[in-house]
């Protein structure tokens, strides 16, 4: 739980499909005390019985907000696993979450496009190549910035992200 007067630190993962976000989320969840993982894939599975079903974004978004709010209210450090590739989406989401009083850290996976495509091919649920290309291009054009409403933004290289994240998380715990 957050100490008295110290905002809870939550984590928003940012990257194209196939960039390693879900793997990172699992590692973060294992390394953070009092954590809660909110994943749009899991929400789609829960709502529609299939993580690949795109469904209704307003319905999915409402459930994302509900689960994040529930986690924060319980003093859990939320890890939000979704692409979050559009700047306008990130800004709108962080504004909606601001009343919860948590500090949000953006974790930007800078995985090369070719690696995203390669990793996508080894996934059980593959994403169309055009979706990966568009998400990658959106992030190159508008990478995440602290001014969007983040407490901090960390860019991570795909291959080294486990060590980088563990080091950053240890640093954050000491602050």
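A few points about this structure:
- Checked against (1) closer than 19 Å to residue 36 by Cα; (2) touching a residue at least 40 places away in the same chain (Cβ under 8 Å), residue 96 passes all but a single condition, namely (2).
- Residue under evaluation residue 91, criteria (1) assigned to a helix (DSSP H, G or I); (2) modelled with pLDDT of 95 or more; (3) in contact with a strand residue (DSSP E or B) (Cβ under 7 Å, 6 or more places away or on another chain), criterion not met: (3)
- Number of positions in the range 22-40 that are at pLDDT below 90 and part of a helix (DSSP H, G or I): 10
- For the range 109-136, the candidate set comprises residues that are outside any loop (DSSP other than H, G, I, E, B) and crowded, with 21+ Cβ neighbours inside 10 Å; within that set, the residue that is nearest to the chain's Cα centre (by Cα) is 109.
- Taken as a whole, the condition of being surrounded by fewer than 19 Cβ atoms within 10 Å (Cβ to Cβ), within 20 Å of residue 11 (Cα to Cα) and without any contact (Cβ under 8 Å) to a residue 40 or more places away in the chain applies to residue 143.
The values are calculated or read from the model by the stated rules, or taken from the named source; none is laboratory data. Note that the structure is a prediction, hence the values are computed from the model and not measured. Cβ: placed from backbone, ideal geometry, glycine included. Neighbour counts: every protein chain shown.
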